[in-house]
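The values are calculated or read from the model by the stated rules, or taken from the named source; none is laboratory data. This one's a predicted model, so the numbers in the text were calculated from it and none came from an experiment. For neighbour counting, all protein chains shown are included, and Cβ atoms are generated from backbone atoms with ideal geometry for every residue, glycine included. Protein only, heavy atoms only, side chains kept; ligands, DNA and RNA dropped before computing areas. Shrake-Rupley method; radii C 1.70, N 1.55, O 1.52, S 1.80 Å.
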Amino acid sequence: MRTLASLLALALPATAQETSPLPVQRPAVAAPVDLPMWLESFRPRALAAGIEADTFDTALANAEMLPDVLRRDANQSEFTKTIWDYLDTAVSDLRIANGRAAVDRYADALAEIEAEHGVDRHVVAAIWGLESSYGAFRGNISTLSALATLAAGSPRAAFFEEQLIEALRLLQDGHTTRAAFRGSWAGASGHTQFMPTSFRDHAVDFTGDGRRDLWGDDPRDALASTAAYLKANGWTTGQPWGLEVTLPEGFDYRLTGERIEKTPADWAALGVATPGGAPLPEGPPASIRVPAGHEGAAFLTFPNFRVIETYNTADAYVIGVGHLADRLAGGPPIRSGWPRQDRALSYDERIELQLRLRDAGFDPLKIDAKIGPDTLDAIQRWQDAQGLVPDGYIDPDLLRRLREQTADADL
Ligand SMILES: [Ca+2]
């Protein structure tokens, strides 16, 4: 969700850890918190925000401290995977088949939702597919306990306290029950894993029963709410999220990355084409992303890419949603291969990469293990200076080259 941008809520398994030659400062896991004591201090603030005493006392009577939730909150950056491993799971044959069945089953509702909110039904279904396998796995952690734990013990306590208050409010207003209110460790819940503030701001009652029920077996409120959320975050009706493209021999990879935008016509003039040879669609300025560098697939991405990013900022997630949506609509698999021999860098290695880039004079601006636009830009400039293809792709080989160059540096 938008407000969860930094959480990278992809439930991806961590890669195997390897010993790094650099000592790295890791985020600390918060000390255990006395939850009953914290709830007592929180109670007046919740009541002042409009939560009734009865609601508060009943809803949180059995709230539990969940140490594992705090551990995951602190270790979130460990969750990393190569894009091809991610897509193998995210857009598996089974998820495509289940998705096509789900789109058939809810065809009427999805058509109505698309007409009302202007968001492609296959994108809505793809988010449902990735967030909960079309409702099959909605998460089983008590949302109230998870949010209370995080509000009491996370470094982002204020954010989670607001989520907890909105969670109490939606219970108070009867949208779901305490028993049904379960989801992820980070407090997202329901068919499409909404945070409580996203529920407050965007959820809609599609079924007309007066409840905005994102948690029951009927997914229609959740599907409509997801469309409403995307619309509110700027979805452009009728525009694709992106599409796979081919880049010509000798393409200047300094032009890749979200910061460079050109119209499809301008990209076409540079030799960018569709894999099948059809003309590029007309559209607004778009970027070229190469999530696995010049040895992997390239995508021309339109502004709707950034709208899906408000759900989850990981490029792999957005491409997963977009590609799954295309497959649900009958589109072809991604045609380019991937450099499958490579592995993802660990958290420690990404920190080391950023430190070494800075030391080499290509400052990534932040040392946070996140490979965002500033780090990508620094990598591309460093690659260019080395005479490498400036595609921004990081792998163990790139880190090895950086280590060689900065071996004597005092980091
Ligand atoms: Ca409803």
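When the Gaussian network model of the chain links Cα atoms closer than 10 Å, the mean-square fluctuations of Asp209, Asp201, Asp391 top out at Asp209. Across all C-alpha atoms in segment 347-405, the radius of gyration and Dmax reach 9.8, 27 Å. Solvent-accessible surface (1.4 Å probe) assigned to Met65 amounts to roughly 50 Å². Computed over the alpha carbons of segment 81-217, Rg followed by Dmax gives 16.0, 44 Å.
The spread of Cα positions in segment 174-262, taken along each principal axis and listed from longest to shortest, comes to 59, 30, 21 Å.
Once C-alpha pairs closer than 8 Å and six or more residues apart are averaged by separation and normalised to the residue number of segment 242-328, the relative contact order reads 31 percent. Applying both filters, DSSP loop and at most 14 other Cβ atoms within 10 Å, to the GluC sites (Glu not before Pro) of segment 185-279 gives Glu249. Only helical runs count toward this figure. For the chain, summing -39,500 (n - 2.57) over DSSP H runs of n ≥ 4 and dividing by all residues gives -13500 deg cm²/dmol at 222 nm.
How would Asp108, Asp252 line up by accessible area, probe 1.4 Å, largest first? Intermediate results must be reported in sequence, preceding the final value.
Numbers: Asp108 125, Asp252 55 Å².
Of Asp108, Asp252, the descending order of accessible area is Asp108, Asp252.
Per-atom-type breakdown for the chain gives carbon and sulfur 50% of the accessible area (1.4 Å probe, protein chains only). Considering only Ile83, Ile260, Ile334, the mean-square fluctuation computed in a Gaussian network model of the chain, springs between alpha carbons under 10 angstrom, is largest for Ile260.
Residues Thr375, Thr313, ordered by accessible area of protein heavy atoms at a 1.4 angstrom probe radius and largest first, appear as Thr313, Thr375. Against the criterion of solvent-accessible heavy-atom surface with a 1.4 angstrom probe, Glu52, Glu131 sort, most first, into Glu52, Glu131. For Lys370, the lysines whose Cα falls under 19 Å of its own Cα, not counting residues fewer than eight places away in the same chain, are Lys81.
Here the label points at Ile260 and Arg100, each 7 Å from Cα along the C-beta direction, are separated by 3.7 nm in the simple model.
Relative to the longest principal axis of the Cα atoms of the chain, helix 220-232 runs at roughly 50 degrees. Were the residues from Asp363 through Ala53 laid out at 0.36 nm apart, the gain over their Cα-Cα distance would be 106.4 nm. Taking every protein chain into account, the accessible area of segment 255-403 amounts to 39 square angstrom per residue (probe 1.4 Å). Ignoring aspartates and glutamates fewer than eight residues from Lys262 along the same chain, the ones with Cα atoms less than 13 angstrom from its Cα are Glu282. Normalised by the number of residues in the chain, the mean separation of alpha-carbon contacts (under 8 Å, six or more apart) gives a relative contact order of 18 percent.
So what are segment 216-330's ellipsoid semi-axes, whole angstrom, largest first, if each one is the square root of 5 times an eigenvalue of the alpha-carbon gyration tensor? Before the final figure, lay out each step's value.
Details: eigenvalues 155, 38, 36 Å².
Equivalent ellipsoid semi-axes, largest first: 28, 14, 13 Å.
Treating each Cα of the chain as one equal point scatterer and applying the Debye formula with no solvent, the log10 of I(q)/I(0) at q = 0.08, 0.11, 0.15 Å⁻¹ comes out as -0.47, -0.88, -1.38.
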